[in-house]
1. Filter segment B:26-45 down to residues that are open to solvent by 50 Å² or more (accessible area, probe 1.4 Å) and more than 10 Å from DNA strand C (Cβ to nearest atom) and give me whichever is nearest to A:ASP129 (Cα to Cα).
2. Inside segment B:103-115, can you point out the residues that are more than 7 Å from chain A (Cβ to nearest Cβ) and touching an Asp or Glu at 6+ places or on another chain (Cβ under 8 Å)?
3. For A:SER186, are the conditions met, namely being open to solvent by 30 Å² or more (accessible area, probe 1.4 Å), under 27 Å from A:PRO341 (Cβ atoms) and in contact with a strand residue (DSSP E or B) (Cβ under 9 Å, 6 or more places away or on another chain)?
4. Which of the residues that make up segment B:145-179 are of a type in the set (D, E, K, R) and either crowded, with 23+ Cβ neighbours inside 10 Å or under 20 Å from B:PHE210 (Cβ atoms) (or both)?
5. Only one of these is within 16 Å of DNA strand D (Cβ to nearest atom), under 30 Å from A:MET200 (Cβ atoms) and within 11 Å of another protein chain (Cβ to nearest Cβ): A:ALA69, A:ALA89, A:ALA83. Name it.
6. Go through segment A:267-294 and give me each residue that's of a type outside the set (Gly, Ala, Ser) and in contact with a strand residue (DSSP E or B) (Cβ under 7 Å, 6 or more places away or on another chain).
7. Taking segment B:294-343 as the search range and keeping residues that are in a loop (DSSP other than H, G, I, E, B) and of a type in the set (Gly, Ala, Ser), which one is surrounded by the most Cβ atoms within 10 Å (Cβ to Cβ)?
8. Within segment A:198-216, identify whether any single residue is modelled with pLDDT under 95, surrounded by fewer than 20 Cβ atoms within 10 Å (Cβ to Cβ) and not polar (S, T, N, Q), and answer yes or no.
Protein chains: 2
Amino acid sequence: MTTPNPKRRATVHDVARVAGISHATVSRYLNKRAYVSQASAEAIEAAIRSVNYTPNRTARSLVTQSTRAVAFVVREYSEFFFADSNLSAMAAAANKTLSAEGYQMLLVIIESDEAAERIVDLIIGGFVDGALLVAMRDDDPVAEAIARSTIPAITASAPELPVGLPSVDTDNAGGSRAITRLLADSGRTRLAEIAGPAPMPAARLRHGGFVDARGAAYDPRLSIAAAEWSVEAGTAAMRELLERGEPIDGVVAASDALAAGAIDAIHAAGLTVPADIAVVGFDDSPWATRIRPTLTTVRQDPGATGRRMAERMMAHLGGEALDDVAEVIPNVIVERESTAPSS
Amino acid sequence: MTTPNPKRRATVHDVARVAGISHATVSRYLNKRAYVSQASAEAIEAAIRSVNYTPNRTARSLVTQSTRAVAFVVREYSEFFFADSNLSAMAAAANKTLSAEGYQMLLVIIESDEAAERIVDLIIGGFVDGALLVAMRDDDPVAEAIARSTIPAITASAPELPVGLPSVDTDNAGGSRAITRLLADSGRTRLAEIAGPAPMPAARLRHGGFVDARGAAYDPRLSIAAAEWSVEAGTAAMRELLERGEPIDGVVAASDALAAGAIDAIHAAGLTVPADIAVVGFDDSPWATRIRPTLTTVRQDPGATGRRMAERMMAHLGGEALDDVAEVIPNVIVERESTAPSS
DNA sequence: CTGAAAGCGCTTACAG
DNA sequence: CTGAAAGCGCTTACAG
């Protein structure tokens, strides 16, 4: 049983006193052993053990202006974060990369506005040396505050901010463009789109890819934005699309979950996938192979995304400039049953 | 008007100078607005904006001796952590509870010995006000170093350490005991056990529950410890159990993954579950309903575990003593096909 | 190789 | 209500 403030922690002064030496020498020994005599070193070692000394990281950080810690900030509810294998793979890869360089990754999940404020204060207050920002919304106050600060930050999916932020991201636009073309090339002509929720950069970019691929054939009456990245939202969106009465023979959904929901709605309407309507998703999440028909989708490389974010941060913290460039990680299309030829 | 030197961060002194007031008053204003005059307050506000001031958390922490951050330390590979819904639910619940009290949870995943050392240095160095320790091994150097330090820590599944640590945990022993009795009460008499990997507290406790429930009927020849918490390890363990030649009509596996592996091995041997051999797991993970037959298992309440860890930490940081008690969260048994009566 | 001193950016009694 | 001063625990030129 311990009490909140038990006995005082030993400081470098305690060690110095017990070792019969100045605290400056103790500090020198703790950092670069080089310039300390053998005798002093031994006395210090013994003193450290005897007073049970452990250096205060806060004091050290205050003078060195560095914490050797980097925040990995997830702007998403835990349930979604833990269920999203792409996000967790990014986190895992970043953790490994930072760790290998001796940096500590601190994973932070923002679930409320108060948490958002608190985290901004922490980060721009220098609690960490840098921040990796994930799942930010367009116009996100967290991303914006950090972007305006002096602490280095890199984001996955660059949000639309007044001030830019370097980013690393899967090729959202390109993936969406490619999978839309796949559908068109298979002879489908009435392509509908279920876009992701408007405030998300990934949703915006994927929408852009769809519009781009459709070119002159783009028809706003066949596009709808889902309320969130969920199966239910996909069902609701597809239902409304069908109710509009426009003929549809293909659907480009901005995520696998949305696609899964769309397929439910299509089946509920008495239609068949892919015979009547082909459907494609995005993410290659577990949904893609769990549902029937299995889903043609875009597979990301989240490990590469997380790794590159961490590598760029390490390079910057190592002294290199951090350019505001949007690095794009290629993705691949995985064809499955949901776009099989009608035969 | 902008910052004189854009490279240097503004400090409380810059604000004071611009506001024409002492830095002590600025600090007072920043903390408890009460004792600052209206005129000063306005001058300070303007100065803060003009120099773009944000308080340095490290400096503040050094004097207040508090960071208002708590580490949630996971001693497990990311892949396992993110795949384990019990662990992530614990983290999510702890995050919510800490967040509601204004504390920031920092999730840290230890994947190497160097990371382990680094995190110990950080934590006992006062980088956080407290630590929640999860998935520690018995005799874990991380848990031990933190237990010996002055910083408050609570663990899920108390490891066997020379010095105690308060803990909150699902009822491992009780759950194992109850599900073993369920099997015995259904008329099975030759009960084998696939225990978890030896160095884990949860494995030890579940094993204890099994031994306890078997009493005089406990037969070491029917017990084996899996090499890790994986399906493959379960298959290997079950295969060896069958090769020993002892008759078996029931298996108590220490986790659902282990049970899933055991069922594979049983089927491979040409036997049937539950007709020939009943099988039970632990965790009520997604495995439990994904495999055939569906699994009778112990359902934990990971949300309650995470919440209680956080609540006890908050109470302690709020001034209460932190007793070294092992708090046990009840769990329930979920019966499914794998123990259906042979009929 | 080592000590005295300054300083990192804040908070907080202590006077006034 | 406010300023001067001390101090949180460390690191790091600067002399010697």
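1. The residue in question is B:GLU45.
2. Within segment B:103-115, B:TYR103, B:ILE110 meet the criteria.
3. On the way: open to solvent by 30 Å² or more (accessible area, probe 1.4 Å): yes; under 27 Å from A:PRO341 (Cβ atoms): yes; in contact with a strand residue (DSSP E or B) (Cβ under 9 Å, 6 or more places away or on another chain): yes.
Here the answer is yes, as A:SER186 does meet what is asked.
4. In the first step, residues of segment B:145-179 are kept if they are of a type in the set (D, E, K, R); the result is B:148, B:160, B:169, B:171, B:177.
Passing the criteria: B:GLU160, B:ASP169, B:ASP171, B:ARG177.
5. Values: A:ALA89 fails: within 16 Å of DNA strand D (Cβ to nearest atom); A:ALA83 fails: within 16 Å of DNA strand D (Cβ to nearest atom).
So the residue among A:ALA69, A:ALA89, A:ALA83 that is within 16 Å of DNA strand D (Cβ to nearest atom), under 30 Å from A:MET200 (Cβ atoms) and within 11 Å of another protein chain (Cβ to nearest Cβ) is A:ALA69.
6. Taking segment A:267-294 first, the residues of a type outside the set (Gly, Ala, Ser) are A:267, A:271-274, A:276-277, A:279-280, A:282-284, A:286-287, A:289-294.
Answer for segment A:267-294, where residues must be of a type outside the set (Gly, Ala, Ser) and in contact with a strand residue (DSSP E or B) (Cβ under 7 Å, 6 or more places away or on another chain): A:VAL273, A:ILE277, A:VAL279, A:VAL280, A:PHE282, A:ASP283, A:ASP284.
7. Let us first name the residues in segment B:294-343 that are in a loop (DSSP other than H, G, I, E, B), namely B:294-295, B:300-301, B:318-321, B:323-325, B:330-331, B:335-336, B:340-343.
Filter once more, so that each one left must be of a type in the set (Gly, Ala, Ser): B:318-319, B:321, B:340, B:342-343.
Working: B:GLY318: 9, B:GLY319: 9, B:ALA321: 11, B:ALA340: 16, B:SER342: 13, B:SER343: 5.
Per the criteria, the residue is B:ALA340.
8. Checked segment A:198-216: at least one residue is modelled with pLDDT under 95, surrounded by fewer than 20 Cβ atoms within 10 Å (Cβ to Cβ) and not polar (S, T, N, Q).
The values are calculated or read from the model by the stated rules, or taken from the named source; none is laboratory data. Nothing here was measured: the structure is a model prediction, and the numbers come from that model. So basically every Cβ, Gly included, is an ideal-geometry build from the backbone, and we count neighbours across all protein chains shown. Remember, those area values only see protein heavy atoms, side chains included, never the ligands or the DNA or RNA. Shrake-Rupley method; radii C 1.70, N 1.55, O 1.52, S 1.80 Å.
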